[in-house]
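Only one structure is covered here, and it is reproduced in the block below.
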Amino acid sequence: MLTALRIGDPRRGAALIVALALAPRYAARTGLYVTARGHREIRPGAPADDPAARARLWTATAQLVASLGVDAG
């Protein structure tokens, strides 16, 4: 689907997720924006660079997940 929509290659996206989960350089680090190609850290553009917007999104997401009966702990 992602390839058909020209959004990206799912295998490359999966490789990034595995790298973020296993690579020591990402241990105990959160909130990173990392490119799928080359795994470079980048600075996000607006509104993702706004701490208040990120906090609102986190809260709304946690509420949605909780309403589905999932522990987001």
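The values are calculated or read from the model by the stated rules, or taken from the named source; none is laboratory data. This is a predicted model, so every value here is computed, not measured. We place every Cβ from the backbone using ideal geometry, glycine too, and count neighbours over all the protein chains shown.
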Task: Cβ pairs under 6 Å, 6+ apart, first in segment 38-65 and farther than 28 Å from ASP9 by Cα and hydrophobic (A, V, I, L, M, F, W, C), second surrounded by 10 or more Cβ atoms within 10 Å (Cβ to Cβ) and modelled with pLDDT under 90 - done: ALA53/PRO47; ALA62/ALA72
TODO: Would you please name the residue that is modelled with the lowest pLDDT, looking only at residues in segment 7-22 that are in a loop (DSSP other than H, G, I, E, B) and surrounded by 11 or more Cβ atoms within 10 Å (Cβ to Cβ)?
DONE: GLY8
